[in-house]
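This is the structure, below, for whatever I ask next.
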Amino acid sequence: MKSVYYVFYPALFYLSLFKFISQDNYLPLWIQACAISWLVSIAFFLALMKIRQYLLRMLLSYHGWMYAPPKKVPMKVKIWAISVRLVSGYQPSLFSCQRSLPRLPVPPLKQTLDKLIASLRPLHTEEELKRLQEQATEFELNLGSKLQKLLVLKSWWSPNYVSDWWEKYVYLSARSPLANNSNFYGCDHSHWQPTNLPRARAATVAHLFLVFRRMIDREELPPLSLRSTIPLCMAQYERIFSTIRKPGEDEDELIHYDSSESRHVVVYSRGLYYKVEVFDSRNQLLCPTALEEQFNWIDEHSSKHKDSVCVEWRRMPALTALPRSDWAKIQKQHFSSGLNLQTLQAIEKAAFLIVLTDEAPPPFSEKASWLLHGDGASVWFDKCFNLVVFGNGQCGVNAEHTMADAPIIGHMWEYAMTKEVTDRLYTEKGHCMPMHRPFQQGKCKLPTWLLWEVSVDIQKSVSQAYDFSLKNDADVHLIVKEHSAWGKGVMKNFGVSPDAFIQLALQLAYYKDSGDRKKFALTYEASMTRLFLSGRTETVRSCTAEAAAFVRSMEDDSIPREEKIQLFRKAASKHQGLYRQAMTGQGIDRHLFALYVCCRGLGYKSKFLEEVLSQPWTLSTSQQPHQQLTQIPDCNLEPFRDKVNAIIREQ
């Protein structure tokens, strides 16, 4: 309906204006000719923009390119790709393709139910499958048909028929603590380290993050695309910075502040919070050397004043690790006015948080565990992300999940970590590299110490939150192993998708680890749906009948090696097909979720939906990490390519 308004009312205005200036008794002929030419040009330009937008949307609705072999691309796909490039332009801005992205389609109900039953085959007996099939048929013919029509209607007027519900009911309505349940982490370089000075590292990485934000605000960041042609939805980039997940008793709220309101970062050092303005008197970003000076000042100040406040003051972030309803009640009672409200608002409006800690956990497991949940009293989990810098100069990030998925934060993190390698950002002594001479930094404000009013009730709440956080963290066992023998290039040389290779290895490992029970697990793998407007994720059910057949063959010595390889390739092909279907909007789990939301919203109950959606994801995995920057070399391990080719020739 909005698109009708955008076309109808401007057209009506221009027609009225055209009629007015065409009256020959008002204006000279040459003025009328110029005005009419001007109006016709504008109308033609607007019409051309709309035609381009809808033409690109039609082109992007085609997904046959995904099933074409990369090395032998059919002529049809080549012509389509050339058309997409011509219509989308040579240098599109960050959000220029958003209105041209197609909307996520609602898959046929029967197709989803058939795929669901097939995905449960390795996990259930024939009797259980027969019962589920009967329930699915009944659901399809009765309640499911009505719910399906409602979803189709929503898909016509909503940007995405599932993403808003996914954000609301999966993230914001969840009452579990964010730590260890929702927030995720990222580490810096595995072994190489540019400097051992923590404040210099914090200043440089923070500056790179702020440059990344400026690129987003100015839409200078190139939009991501598959095969350098197909654009992805970039909507999630709008909320990377200056976003807070506000706790609520029943449901949280995601609040994003404009860059004009968020001109500072907040630094946590030795239990004290500081507000650091990131723009100088000339409205320029603070350069890394200026930020390093600010952080050095904070280090000295916090060292002098850390003992002047109580223990609970320094452990205030532990409140964000509580269950969401508990934290919401405490915030409403003690942080709704006065000094506490001012400090809380400074944290909420900050571009991001920086945690400077003296701890230096060894890689990889201890460091990853610290980044995942902190020490129980350092990470402000509500914030969009926390940049954590350790005492030895290593760093990482802890990010809130509601605002964006991991690849978006990964893009920003990859940008910063790559710049540290490709650009000379540190001096020989490890300090921040001064800016070039033409640049002159304006006057900078000193950091502001953010204070709390810590009453007896707040001290009690913080103490309880800290104990809860430690207990919750102790229940997590995180082990990170380094595998450097070979990478995805080796898997590709075998003619197998790296993602399918890893998922089949996980199925085999779980089956062997189950001991005498010899069972499979319902497996969750995340896949993106950003080929569509406001797309986020879809689930790939990795435990397929083909995967189960391959795993069983590996446990049977009587099966020839050639047959095992054939079963492996068949299972890998099946998995790759499921992944492609998920990316092109033909997955099943988001469809089932939307059906369930519709069902509950209308006051109905479906035992079938409740049963299939309540089955636990015993194995929860993530997609294979992707290299998102195109201007750097591929991260494949090239030295092993000849060795692998020799193995393939022997087979």
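The values are calculated or read from the model by the stated rules, or taken from the named source; none is laboratory data. Because the structure is a prediction, the values reported are computed rather than measured. So basically every Cβ, Gly included, is an ideal-geometry build from the backbone, and we count neighbours across all protein chains shown.
Going through region 91-118 one residue at a time, which ones are of a type in the set (S, T, N, Q) and at pLDDT 95 or above?
111, 112
Right, another one. Output the number of residues of region 363-418 satisfying the condition of being under 24 Å from residue 527 (Cβ atoms) and in contact with a Pro (Cβ under 8 Å, 6 or more places away or on another chain).
Qualifying residue count for the region: 1.
Quick check: anything in region 611-618 among the aromatic types (Phe, Trp, Tyr) and either under 18 Å from residue 109 (Cβ atoms) or out of contact with any Phe, Trp or Tyr (no Cβ under 9 Å at 6 or more places or on another chain) (or both)?
Scanning region 611-618 turns up no residue that is among the aromatic types (Phe, Trp, Tyr) and either under 18 Å from residue 109 (Cβ atoms) or out of contact with any Phe, Trp or Tyr (no Cβ under 9 Å at 6 or more places or on another chain) (or both).
Looking at residue 636, is it of a type in the set (S, T, N, Q), at pLDDT below 95 and in a helix (DSSP H, G or I)?
No; evaluated as a whole, the condition is false for this residue.
A further question on this structure: Name the single residue, out of those in region 187-244 being charged (D, E, K, R) and surrounded by fewer than 20 Cβ atoms within 10 Å (Cβ to Cβ), that is nearest to residue 404 (Cα to Cα).
Of everything passing the filter in region 187-244, 239 is nearest to residue 404 (Cα to Cα).
Look through 159, 107 and report the one residue that is outside any helix (DSSP H, G or I) and either among the hydrophobic types (A, V, I, L, M, F, W, C) or touching a Gly at 6+ places or on another chain (Cβ under 8 Å) (or both).
Going through 159, 107 in turn, just one is outside any helix (DSSP H, G or I) and either among the hydrophobic types (A, V, I, L, M, F, W, C) or touching a Gly at 6+ places or on another chain (Cβ under 8 Å) (or both): 107.
Return the pair list, or none, for Cβ contacts closer than 7 Å from residues in region 588-610 that are over 12 Å from residue 113 (Cβ atoms) and assigned by TED's automatic domain parsing to the domain that holds residue 133 to residues that are at pLDDT below 95 and assigned to a loop (DSSP other than H, G, I, E, B), at least 6 apart or on different chains.
From region 588-610, the pairs are 599/606.
Now a separate question. Which one of these is of a type outside the set (D, E, K, R), at pLDDT below 95 and closer than 29 Å to residue 222 by Cα: 374, 442, 410, 396?
410
Looking at region 198-221, is at least one residue among the small types (Gly, Ala, Ser), farther than 16 Å from residue 383 by Cβ and in contact with a His (Cβ under 7 Å, 6 or more places away or on another chain)?
yes
Next up: Is there a residue being part of a helix (DSSP H, G or I), surrounded by 14 or more Cβ atoms within 10 Å (Cβ to Cβ), touching a Phe, Trp or Tyr at 6+ places or on another chain (Cβ under 6 Å) and β-branched (Val, Ile, Thr) anywhere in region 556-579?
No - not one qualifying residue is present in region 556-579.
Further, regarding this structure: When only residues in region 356-390 that are touching a Phe, Trp or Tyr at 6+ places or on another chain (Cβ under 6 Å) and in a helix (DSSP H, G or I) count, which is surrounded by the fewest Cβ atoms within 10 Å (Cβ to Cβ)?
The selected residue is 372.
Looking at region 228-310, what strands (runs of 3 or more DSSP E) fall wholly within it and have at least 1 residues that are under 24 Å from residue 443 (Cβ atoms)?
The strands (runs of 3 or more DSSP E) meeting that bar are 264-269, 272-277.
What helices (runs of 4 or more DSSP H) lie completely within region 441-526 and have 1 or more residues being closer than 30 Å to residue 580 by Cβ and among the acidic types (Asp, Glu)?
The qualifying helices (runs of 4 or more DSSP H) are 498-513.
In region 546-570, which residues are closer than 15 Å to residue 506 by Cα and hydrophobic (A, V, I, L, M, F, W, C)?
Within region 546-570, 547, 548, 549, 550, 551, 554, 568 meet the criteria.
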